[in-house]
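Please treat every number below as a calculation from the coordinates, not as lab data. Just so it is clear, the structure is predicted and the values come from calculations on it, not from any experiment. For neighbour counting, all protein chains shown are included, and Cβ atoms are generated from backbone atoms with ideal geometry for every residue, glycine included.
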Amino acid sequence: MTRATLRPATDADLPRLLEVHEGAFRPLVETRYAWDPAEQRRILAESLARAQVVLLDGRIVGQLIVTPVEGALFLERILLAPEVQGRGLGTALIETVIADARAQGLPVTLSVWDTNRARALYARLGFRVTHQEGFRVKMRLDP
């Protein structure tokens, strides 16, 4: 696989990010809620200023949001198109976040739905469950 690159998201990226978001998350969301395209657009548009797009061969294949929160780096969102999932790209992106956090002496935190298959990836990378709020599992990796 070609190495992915990151760049800040722009308003022009929103249509493609919506496609990627729907492909990646709609099946999971529909296990609990009806898919509301307007609400999903609002969520993505609200977070666009904090987001980086993941590019593979110049094409947007995902989104990454990492936010400093309470003495940690919070992995707010990692989103990859279904066609690039399972090829190590998510692992590589998360390992970069971990390395950045370690360089700063900070833990990495995240929140994942209890039924999201990414939870196994986080555990494999060393994240541990700190607590659960409803169906959201909070995880942490110390430096």
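Observations on the model:
- Rounded to the nearest 500, the 222 nm mean residue ellipticity of the chain from helices alone is -10500 deg cm²/dmol, with -39,500 (n - 2.57) taken per DSSP H run of at least 4 residues.
- Region 5-141: mean projected area of Cα convex hull, nm²: 8.2 nm²
- The trypsin sites (Lys or Arg not before Pro) of region 21-112 that DSSP puts in a loop, and whose beta carbon has at most 13 other beta carbons within 10 Å, are R32, R87.
- Shape call, region 1-81: gyration tensor on alpha carbons, a/c limit 1.5: oblate
- Shape class for region 88-143, computed from the alpha carbon gyration tensor (a ≥ b ≥ c): oblate, with a/c not under 1.5 and a/b at or below b/c.
- This model, with +1 at the C-beta of Lys and Arg and -1 at the C-beta of Asp and Glu, gives region 5-141 a dipole about its Cα centre of some 420 debye.
- When the chain is described by a simple charge dipole with +1 on each Lys and Arg Cβ and -1 on each Asp and Glu Cβ, the residue from I98, L73, L17 located farthest towards its positive end is I98.
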